[in-house]
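Peer 1: Next up is a structure, given as structure tokens.
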Amino acid sequence: MTAIRKSGNRLWLAALLLIGSIVLAQTPNAPIVNFKLPLFNDQGYRTGYLRGEQGIYVNASEIRILGMELSQYTGDERDMVIGTMESPEALFRFDKNKKSIASGPGTIKLENDTFRLTGEDWIWQENKNQLVINKNAKIVLFDQIGNLIK
């Protein structure tokens, strides 16, 4: 009886996924509203948590996110937030190596325990772990910097 029940649950789940796929296929430009996507490393620890007011499929390698909030986690058993990135609009592009580039014409805020970085017209490259801000860049440091600036 248990084997039949498990098999029945799997069939029900498969049918539900198939119906959802068909509905989405019929409305390819329909946004996903108020989504949440946890991100994990190979060891199973959380590395990020992406939230958005809307996720819009552009094509197989591009996704537009409105109201983007991305939290970065330690990626270990501590499971602590170590930084956040927020923007009202972001376009994520994924290359064939599954590395991403995100950009946005509007504002960006990147914050962790030591600084807050804000600006406009930005590009973030995952493989370089680099954020370039083209307009109105401003940084606020929360820690003392000693003799770093003379």
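Peer 1: Taking 30 Å as R0, compute the FRET efficiency from the Cβ-Cβ separation of residue 43 and residue 125 and round it to 0.05. Walk me through the numbers on the way to the answer.
Peer 2: Working: r = 24 Å, r/R0 = 0.81.
About 0.80, to the nearest 0.05.
Peer 1: If you don't mind, another one. Dipole of the range 31-141, Cα-centred, from +1 at each Lys and Arg C-beta and -1 at each Asp and Glu C-beta, to the nearest 20 debye?
Peer 2: Numbers: 14 positive and 15 negative charges, 45 e Å.
The calculated dipole for the range 31-141 is roughly 220 debye.
Peer 1: Net charge near residue 106: determine it from the other residues with C-beta under 12 Å of the C-beta of residue 106, scoring Lys and Arg +1 and Asp and Glu -1. All intermediate terms of the calculation are to be shown ahead of the outcome.
Peer 2: Working: positive: 109, 135; negative: 86, 89, 120, 121.
Summing Lys/Arg as +1 and Asp/Glu as -1 gives -2.
Since every read-out is calculated from the coordinates, none of them should be taken as a lab result. The shown structure was predicted, so the numbers you read here are calculated from the model rather than taken from an experiment. Here the Cβ is made from the backbone with ideal geometry for all residues, glycine too, and neighbour counts use every protein chain on show.
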